[in-house]
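These notes are about the structure you will find just below.
Only the coordinates and a few stated rules stand behind these numbers; no lab work does. Just so you know, these numbers come straight off a predicted model, no measurement behind them. We place every Cβ from the backbone using ideal geometry, glycine too, and count neighbours over all the protein chains shown.
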Amino acid sequence: MEFDESRAEGGELPETPGTEAARPWASPSASATAGIRASADPSGLAAPAAGAAASTDRASLRPARRREFRQRPIPLRPMTVLELIDGAVAAVPSVPRFLLVRAGLVVSGFGALAFALTWWVNRVVASAVRAHPMWSTVDFDGQNEFHLAPSGSEKFCLTTTEILIAVVCSGFAATIVAGLFAPSVKAYVDAEPADASALRALLRGRVARLWTLALITSLPRIALVAALALLSRATAVHPGMAAGGWLAMIAIFLGVPCFLVTATTAVAAPASTLEGVGVRAALRRSRRLARQGVVRAGWTCLLALFIVALATAALDFCGRELRETYGVGGQFAGLPGSPGFSWWLLLYALIYLVTLLLTTPYRSATAVLLYVDRRFRREGLDIRIAWARLAQNAPRRTGGGPNT
């Protein structure tokens, strides 16, 4: 496990009493507490110690009162990948309803875009297949063998393109939703109820940054999908071409950069929302947090995507049956005699949209918890939170005497 000295990088661990002017991470409703030393934190995720000095005299007159914290659902230590995903599943129900509605609107919009792009790519490729219905190869005896389109390469490229269109569009939405969910997941880590009015005030003016971050981080994935779509059309126009070499080149020159960009920018949206920084600063912050953990961050994103895909496998199977058995595939391809509209097509579109609505929020919550975990590992934030909770739960000093 990558822990070592790198956990202290980016901020000193508590050693001696000092001050901290940032907002509390440990509890949004907790009062400011003296006696905790932590580095300046623009995100407000470390415990505060300043602010109690002005009310010291009045506080000394009150009887000692201990603040009891409930058991935290998120462990205060670096988490495994499965713990991150499990925490994301538990954190989504704690998100306020108005944020879930906003997230649903964002995901629905990009789900409609993904459906339209899938329809368009199928129509373009199918028209090329109809224009080149046959191709020939030469066997070992020098005889020509004729084959009917579509070729196996075209089917593979088209299916891969359809899957990646859904992944990229939902990933665009997941980046935006991760920024929207970040304050709520922070409250979940603290086992505190999320304040809807405070969340509205916090998110005001920051949503535009999330759209910009989503666009920037999605550019390599958009290029990958575009390359595969072009290859799908090329294999339809030239059915006899071998697509294996082209697929290998796309995987090396576009797939690997996509993985690296996804890993290094996975926590940019939560950082932008929680730390209140701009687009460039959020990207730098994400890259800094992902340092020495790029593979782990990328693996977390891929495993979360794989798990949510397994969870909706039944819906995917129903959609595949509609395409193959009930003529929806022919409507996508624009085959002669296919109706322009049918209730089966509408049902397929509904299944497509529901699948994205069910999976995207959990990918977003996983990204927020990945941000928390990276700060645990790189900056020792878990230790600072533990110190803050101990200080907030400690008895107060009364009358200048010893602690009681």
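With contacts taken as Cα pairs under 8 Å and at least 6 residues apart, segment 114-176 reaches a relative contact order of 33 percent. Using C-alpha pairs below 8 Å separated by at least 6 residues, the relative contact order for segment 81-387 is 28 percent. Here the peptides 134-143, 293-302, 373-382 are ranked by packing, the mean other Cβ count within 10 Å, and the order with the highest first is 373-382, 293-302, 134-143. Sorting 311-319, 323-331 by their mean Cβ neighbour count within 10 Å, with the most densely packed peptide first, gives 323-331, 311-319.
Pair-distance distribution P(r) for segment 81-387, from all Cα-Cα distances in 10 Å bins starting at 0: 6, 25, 30, 20, 12, 5, 2, 0 percent. Distance between the pseudo-spin-label points of Leu346 and Ala131 (7 Å out from Cα toward the beta carbon): 3.4 nm. In this rough spin-label picture, where each label sits 7 Å from Cα along the Cβ direction, the Arg97-Val354 distance is 2.2 nm.
Placing dummy labels 7 Å off each Cα toward the beta-carbon, the span from Phe140 to Arg280 is 6.4 nm.
Rounded to the nearest 0.05, what FRET efficiency do Ala198 and Leu315 have when you use their Cβ-Cβ distance and R0 = 41 Å?
Working: r = 36 Å, r/R0 = 0.87.
For R0 = 41 Å, the calculated efficiency reads 0.70.
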